[in-house]
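A quick write-up on the structure given underneath.
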Amino acid sequence: MRRTFIVGCPRSGTTLIQAMLARHPDVATLPETALFEHLFGELHWRWGDRGVARRRRRGLARGFAREFGRRVLQDWEQRLEGTSRPAPWRLATCIDRFVALLDTHAARAGRTMWIEKTPNHLLYIPEIARHVPEARFVHVIRNGLDVVASIADANLHHDDNHGFGGDAKLWADRWNRATALHRRHVGEPNHHFVFLDDFVRDVPSGWRRLCLALELDPDASLAETCSQPIADLADEPWKRNAIGGKPRLPRSKARALFGPALLDWLTQRLVSLEPLQRQCRAADHRHGLSRLRARASDRAAPATTGPA
């Protein structure tokens, strides 16, 4: 079973990439679980929010899961298996049960890969990698100005119980933090990067690259639309345009929402994506050369016919 996590700053296009992959016949997925976020906590500290100090939890240091995370695991077992049993106290055991749950969910559907998409799990990659064997990560990255504007728009139109609260300064700093975290993993095995604007401008090329990175057949026949439940639109209406899994150019909301002074401030505040893009291109180039050398080596190796 191939275990894949889609991560990124909220409102970066993670739902769209998840929904498109969910149209592939080998992929099973589900709505955001936020399991690692709830098992480990410390969300605001991990984002680097100003004035938030780290709270040392002795239970967590000793390998015990947070109570709310245990309840989240129980809820998902109830939803996917219809079972209700006490959640374990140990972090490692909770995660093992979660992985087994998703493995079984995908296998029953005849799929060979499952995808869990929770944007904030970007902050928990070290824990996921430590506990989930051979975990793969898809990093989805969008222009920072558009991310901040999209979050502001969601906050204007929906109650602040979905994590969109905070001003432009908070989210500019969080987007910068996300970009720094993405950069840490460039070139690492099992990490693939999708720049949303580039992807939707050339979907065939972006789709083939993504599938090859995840070892999926890029030429497989896709479902007409994503039919797997990945969002409850009554609770998450902002995902309406993404859950079908049909990419289209995203609409920038920045100039409609922000005045000239704030636009200028954000332009100065947000870090440039260019260094990350250059780093990803260089890593792709190195990996491409490595694959070419491996193929050349295979062709040059003498054929063996058995023991002399």
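FYI, it's all coordinate maths here, none of it is from the lab. These numbers come from a predicted model, not from an experiment. Cβ coordinates were reconstructed from backbone atoms using ideal geometry, including for glycine residues, and neighbour counts include every protein chain displayed.
Its Cα gyration tensor gives region 2-299 an equivalent ellipsoid; the semi-axes, largest first and in whole Å, are 28, 27, 21.
Within straight-line reach of K169, meaning a Cα separation under 30 Å, sit the following lysines at least 8 residues removed in sequence or on another chain: K117, K239, K253. Taking label points 7 Å from Cα along the Cα-to-Cβ direction, S205 and E188 give a separation of 2.8 nm. For the chain, modelled as a GNM whose springs connect Cα atoms under 10 angstrom apart, the maximal fluctuation among A282, A178, A107 occurs at A282.
As a rough guide to protection, the peptides 78-86, 64-72 ranked by mean Cβ packing within 10 Å, highest first, stand as 64-72, 78-86. Using DSSP, restrict attention to beta bridges with both residues in the chain and report what percent are antiparallel, rounded to the nearest 5. Rounded to the nearest five, the antiparallel share is 5 percent.
Distance between the C-alpha centres of region 168-226 and region 1-16: 8 Å, rounded to the whole angstrom. Sorted on the mean count of surrounding Cβ atoms within 10 Å across their residues, most packed first, peptides 38-46, 118-126 read 118-126, 38-46. Identify which of A19, A28, A168 has the largest mean-square fluctuation in a Gaussian network model of the chain, with springs joining Cα atoms closer than 10 Å. Among A19, A28, A168, the largest GNM mean-square fluctuation belongs to A168. Estimated from helical segments only, the mean residue ellipticity of the chain at 222 nm is -15000 deg cm²/dmol, where each DSSP H run of four or more residues counts as -39500 (n - 2.57).
Ordering V7, V99 by the number of other Cβ atoms within 10 Å of each residue's own Cβ, fewest first, gives V99, V7.
May I ask for the Kirkwood hydrodynamic radius of region 59-122, worked out over all distinct Cα pairs and given in angstroms to one decimal? By the Kirkwood definition, the hydrodynamic radius is 12.7 Å. The slack in the chain from H158 to E215, taken as 0.36 nm per residue of separation less the alpha-carbon distance, amounts to 16.7 nm. Legend: ranking of residues H285, H185 from fewest to most surrounding C-beta atoms inside 10 Å; resulting order H285, H185.
Take every pair of alpha-carbon atoms less than 8 Å apart whose residues are at least six positions apart; their mean separation over the length of region 2-299 yields a relative contact order of 30 percent.
In this calculation the C-beta distance from R58 to A283 is compared with R0 = 51 Å, giving a FRET efficiency of 0.85.
Of the residues R62, R11, the one with the fewest other Cβ atoms within 10 Å heads the list, and the complete ranking is R62, R11. A Förster radius of 45 Å, combined with the Cβ-Cβ distance separating T104 from Q268, puts the computed FRET efficiency at roughly 0.35.
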